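Data block below; observations after.
The values are calculated or read from the model by the stated rules, or taken from the named source; none is laboratory data. What you see is a predicted model, and the numbers here were worked out from it, not measured in a lab. In this analysis, Cβ positions are derived from the backbone assuming ideal geometry, glycine residues included, and neighbour counts consider all displayed protein chains. To get the accessible areas, we keep the full protein, side chains included, count just its heavy atoms, and leave off ligands, DNA and RNA. Shrake-Rupley method; radii C 1.70, N 1.55, O 1.52, S 1.80 Å.
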Amino acid sequence: QVQLVESGGGLVQAGGSLRLSCAASGRTFSSYAMGWFRQAPGKEREFVAVISGSSASTYYTDSVKGRFTISRDNAKNTVYLQMNSLKPEDTAVYYCAADKAFIGVRLNPHNNYWGQGTQVTVSA
């Protein structure tokens with residue numbers, strides 16, 4: 001079992017930055033690929049980014065490439081999402097996810113462990 005707790009959301013103006021954090025329980029954090037998803041009002045939950053257990057591999061959805069950076073600190077059992085140049089369309093609840101398989105985080109989300117989410121609101 002993995003328990004995930006997100007933090008760092010808030011209200012920011014367009015063009016601003018936020019850093020989300022996700023703290024994970026357990027002693028096997030480094031064995032999990034970690035990802036971020038988001039869900040805007042009235043829309044499906046969508047994949048944002050994923051990072052492998054060793055940080056060797058990352059993958060982003062096209063709409064955030066060059067603006068968002070996913071990273072992790074295995075000593076702190078924490079994964080981060082640095083979000084720069086934020087746009088109003090980035091407004092959503094952001095969820096942290098964990099899975100043993102790097103590809104599985106994105107392609108098999110029903111197998112993921114999930115956090116409770118943190119709200120990000122970007123004003124125009």
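Please work out if Ala101 is closer than 17 Å to Leu18 by Cα, in contact with a helix residue (DSSP H, G or I) (Cβ under 9 Å, 6 or more places away or on another chain) and in contact (Cβ under 8 Å) with a residue 60 or more places away in the chain. For Ala101, the condition - closer than 17 Å to Leu18 by Cα, in contact with a helix residue (DSSP H, G or I) (Cβ under 9 Å, 6 or more places away or on another chain) and in contact (Cβ under 8 Å) with a residue 60 or more places away in the chain - is not met.
Condition check ((1) free of Cβ contacts under 8 Å to residues at least 60 places away in the same chain; (2) in contact with a strand residue (DSSP E or B) (Cβ under 7 Å, 6 or more places away or on another chain); (3) open to solvent by 60 Å² or more (accessible area, probe 1.4 Å)) across all residues:
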residue: Glu6; (1), (2), (3): no, yes, no
residue: Gly10; (1), (2), (3): no, yes, no
residue: Ser31; (1), (2), (3): no, no, no
residue: Glu44; (1), (2), (3): yes, no, yes
residue: Leu86; (1), (2), (3): no, yes, no
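Residues in region 96-118 that are over 19 Å from Ser30 (Cα atoms) and at pLDDT 95 or above: Gln116, Gly117, Thr118.
The single condition among (1) under 16 Å from Gln119 (Cα atoms); (2) open to solvent by 60 Å² or more (accessible area, probe 1.4 Å); (3) of a type in the set (Val, Ile, Thr) that Val48 does not meet is (2).
Yes/no matrix, rows are residues, columns are (1) within 11 Å of the chain's Cα centre (by Cα); (2) closer than 15 Å to Val105 by Cα:
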| site | (1), (2) |
| --- | --- |
| Ser7 | yes, no |
| Arg45 | no, yes |
| Val50 | yes, yes |
| Thr69 | yes, no |
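Applying the criterion of being touching a residue at least 40 places away in the same chain (Cβ under 8 Å) and in a helix (DSSP H, G or I) to the residues of region 104-116, the residue that is surrounded by the most Cβ atoms within 10 Å (Cβ to Cβ) is Val105.
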